[in-house]
Each structure stands twice: as C-alpha cells, then as structure tokens.
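K.L.:
Let me begin by handing over the structure; questions about it come next.
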Ligand SMILES: [Zn+2]
C-alpha cells in the first residue's frame, strides 16, 4: 500500500487587513503536499516536461538544481508514445527516470487551443518569445466542442480524434502521474459572457464525469500508487463565475484544485483570492501556466501553492536569461568576450562552470549544449525563487522580500 495523498499547511501569511480576499483576507500559505513519490514543499515551481522531458536537460540535472516535481502533458503523451506504452514501462516517473512527484495536465488546454486557431496562450507575457510560440501554426479551426467532449484533428497526422472526460482520465491513469487534472473547456477572453456561463456549466458536468471515472479506475487499478485528482476552475475574468466554479468543483470528491483558463494578467491575484475565498483551506491549489515573476508573487499571496510554466525553458532556447535584475538576451554582441556567469552570484551548475561568452557562442551556433546550459539556469531561477518565497513566508518577511525582488527585477 503506497503513501496516501495529503496536504498539511505549515504557515499562513499574517493578516494585514488589505488582502484581496473577502474582508481583506490574504490566503497565502506555505505547506507540504505528500504524494506516493515524495513530498512537495510549497509554494513550489513545477518545471514543464511536456513530452516526459525538459528539453535538453536530463532529469538528474533537474533534481540537482532543486526541482521537486515535474509536469507532463497527457495530450502529447497520448499522441506519442501512447499511454499504454508508459503504463507498461511502469508509469511516467519510472519511464523518465524521475523518482519524485509528477503531474499531468488533462490535455484540455492543448485540444481546445487547436480550436482557437490564433493565440495558443491567452494570458502570457509574450516578451522573449518567437512568433511561432504565440501564434498557432495553422489557422484552420481544428477542434469542435459538443456536450460530450471535443472532436479534433491530430496535429501529428491530421487524423480525427476525440477527447472527453472519460478519455482524458483514462489516459492520465495509464500515464500514472501523482496528480492529474479534470478535463475542462478552455474559453478565451474574447468569448462573450453568455458563452462563459454555458461553458462553466459544461466544465462542471465534465468534472463530475471525471470524478466518477477517476473513482472507478482507482478501484480497478488498486495496488498502483494513488493518483490525486485536481478539479480545474474556469470562469475567465468574472468574479461571480469564478466563485461559482470554486463552489461547484469543491462540492466534488477532488483532492485539490487547478486554477485555469483565460486570465487577464492584471487581475490574476484577485482571481486567485476570489477562488480561495470559496475553497476549503485544506486542499492544494495549482495555478496553471503562470508567466512572470510578478504573477508568481500575486498567485502566492492570494493562495496559490504550485505554479507551472514553460517559459523559462522556451526563453532559454532563444537566449533570454532570467536574473534578479531582470531578463536580458545573452546572444547580444556585448557578451562576445564576457567571462562572467549568466548571473553573478547564481549557484546553478551553468553559472558555477561556464561563462556568458561560451553560452552565447553555443546558442549562436545552435549547439544543443547552449540550450541545455541556458535552460538549467532559467529553471533554477524559478525553482529557487519559489524556494526563497517559501522561506520568506516561514520566516515572516514575505512583504519585504516581495517588494525588494519586484523592485530589482522590474527596475522600479
Ligand atoms: Zn545560474
């Protein structure tokens, strides 16, 4: 019998009375998520290993830089190599030689974003990304939502496929991550209010079906490590819809929550607070696809526990380097003969062994090691930032740490 999944809060942010929750409440906390593959001390950053890999970086190096948990994508792993393969190989963690906790997202985002046909990512800080990163390669609408699920054309070979609540949960059970997510409908900020309402109800119906299928498969697959199911909350920028989603999803038998969907950057903290007002305190909350340093602080302060983002790795491959003093591009000519590390004082493997001049050279020659070295630094930056935020909550200096970090990073 494997360890059960549970969540224990270590410390709450002090109440200053001017938080964004009801009555000025601040929902931020530090905590520990216990999974069959070990613990996650939160707030925590979760690097994204979409295809069961961080592009260019071995799992051993991710462990060394301090990552506690990796998030893979059910849709991509379903397309290749197929969930049966991963199941037969002993599950996601074993397959990729990562003995620590794993998450998979439901595939809803990937399937539904085929339908949008324009921006793949709806609430993202787009600086540092190439055009291909933010604009779908094919503007043809490739996904169609109905009551039961989503029809779409495979981006791999154009064949007709279908995703639904039951299909997504079946795939995620076979992949075998410690935390899996309900299949939700992703809306965009440009959808009208009436569609958001309709979609919210559909997402709730899908979540109920996900829970039922999850319970059935948990019973059927007894003896496998327990997988926790997180319910995903939609509702775009609307307070009443966000609160309603939180009440609906928390009425179900779920182990935690995913804060998803279209979010306008400037109210991300407020949305997390509305949701946290309605959710039970004793279950973890994952903020899906966060994009920037200030967003992470807003998410933590308002009750987010874990955060995933593809940006550090994606930016690294384009030469964009995160530092405490902001982001810069190391491929610029100014770094041709620069013997400094990517960031002064950084203790990551790259910064303790390599110079800017060398990393710049590799990136400009499109040598794979260039991406590897830059990615190690950027992933370390975010993992370490969340470690420092956690320490600041536990040491009761969160407000000072937030202010000084944001001032340095954004230069104000
Ligand atoms: Zn570094």
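Laboratory data are not the source of any read-out in this text; all were calculated from the coordinates shown. No experiment lies behind these values; they were computed from the predicted model shown. Neighbour counts are summed over all protein chains in view; Cβ atoms, including those assigned to glycine, are modelled from backbone coordinates with ideal geometry.
K.L.:
Just want to confirm a number: the relative contact order over segment 321-412, from Cα pairs under 8 angstrom separated by 6+ residues, in percent. Provide the component values of the computation, followed by the final result.
P.N.:
Working: 96 pairs, mean separation 28.9, N = 92.
In percent, rounded to a whole number, it is 31.
K.L.:
A follow-up question, please. Going highest first, how would you order 210-221, 14-25 by mean Cβ packing within 10 Å?
P.N.:
Put in order of decreasing packing, that is 210-221, 14-25.
K.L.:
Quote the FRET efficiency, to the nearest 0.05, computed for residue 84 versus residue 266 with a Förster distance R0 of 56 Å and r equal to the Cβ-Cβ distance. Don't skip to the end; give the middle numbers.
P.N.:
Numbers: r = 44 Å, r/R0 = 0.78.
Calculated value: 0.80.
K.L.:
Taking the number of other C-beta atoms within 10 Å as the exposure measure, put 27, 100 in order starting with the fewest. List each step's numbers first, then the result.
P.N.:
Values: 27 24, 100 18.
Exposure proxy ranking, most exposed first: 100, 27.
K.L.:
Where both partners of a DSSP beta bridge lie in the chain, what percent of those bridges are antiparallel, to the nearest 5? Kindly include the intermediate steps, with their values, before the conclusion.
P.N.:
Working: 25 of 49 bridges.
That works out to approximately 50 percent antiparallel.
K.L.:
Sorting 404, 339 on the 10 Å Cβ count, fewest up front, what's the list?
P.N.:
Working: 404 12, 339 9.
Arranged by neighbour count, lowest to highest, 404, 339 become 339, 404.
K.L.:
Convert 10 °C to kelvin, take the viscosity as 1.306 mPa s, use the Kirkwood radius over C-alpha pairs of the chain as Rh, and evaluate the Stokes-Einstein diffusion coefficient in µm²/s, rounded to a whole number. Walk me through the numbers on the way to the answer.
P.N.:
Numbers: Rh = 21.6 Å.
In µm²/s, the coefficient rounds to 73.
K.L.:
Give me the number: length gained by fully extending residue 18 to residue 340, i.e. 0.36 nm times residue separation minus the C-alpha to C-alpha distance, one decimal in nm. Can you show the working numbers first?
P.N.:
Values: separation 322, 0.36 × 322 = 115.92 nm, distance 4.23 nm.
In short, 111.7 nm is gained.
K.L.:
For segment 1-102, how big is the tail of P(r) above 24 Å, as a whole percent of Cα pairs?
P.N.:
39
K.L.:
Let a ≥ b ≥ c be the square roots of the eigenvalues of the Cα gyration tensor of segment 321-412; is it rounded (a/c under 1.5), or, if not, prolate (a/b larger than b/c) or oblate?
P.N.:
prolate
K.L.:
Still on this structure: So how much slack lies between residue 189 and residue 403, counting 0.36 nm per residue of separation and subtracting their Cα-Cα distance, in nm? Don't jump to the answer; show the numbers that get you there.
P.N.:
Working: separation 214, 0.36 × 214 = 77.04 nm, distance 2.97 nm.
Contour length minus the Cα-Cα distance gives 74.1 nm.
K.L.:
Using a/c under 1.5 as the rounded threshold, could you call segment 253-296 rounded, prolate or oblate? The axes a ≥ b ≥ c are square roots of the C-alpha gyration tensor eigenvalues, and prolate needs a/b larger than b/c, oblate otherwise. Walk me through the intermediate numbers first.
P.N.:
Values: a/c = 2.17, a/b = 1.73, b/c = 1.26.
In terms of gyration-tensor shape, prolate.
K.L.:
On to the next question. Between segment 375-412 and segment 176-233, how many Å separate their Cα centres?
P.N.:
32
K.L.:
PRE reach from residue 53 (point 7 Å along Cα→Cβ): which of segment 374-394 fall under 20 Å by backbone N?
P.N.:
Within reach of a label on residue 53, which here means backbone N under 20 Å from a point 7 Å along Cα→Cβ, segment 374-394 contributes 374-380.
K.L.:
Which part of segment 270-289 falls in the paramagnetic zone of residue 9, meaning amide N under 20 Å from the point 7 Å along Cα-to-beta-carbon?
P.N.:
270-287
K.L.:
Considering Cα pairs under 8 angstrom that are at least six residues apart, work out the relative contact order of the chain and quote it in whole percent. Mind dumping the intermediate values first?
P.N.:
Numbers: 835 pairs, mean separation 76.5, N = 412.
Result for the chain is 19 percent.
K.L.:
Once R0 is set to 60 Å, what does the formula 1/(1 + (r/R0)^6) return for the Cβ-Cβ distance between residue 364 and residue 219, expressed as a FRET efficiency to the nearest 0.05? Numbers along the way, then the final one.
P.N.:
Values: r = 55 Å, r/R0 = 0.92.
Using R0 = 60 Å, I get an efficiency of 0.65.
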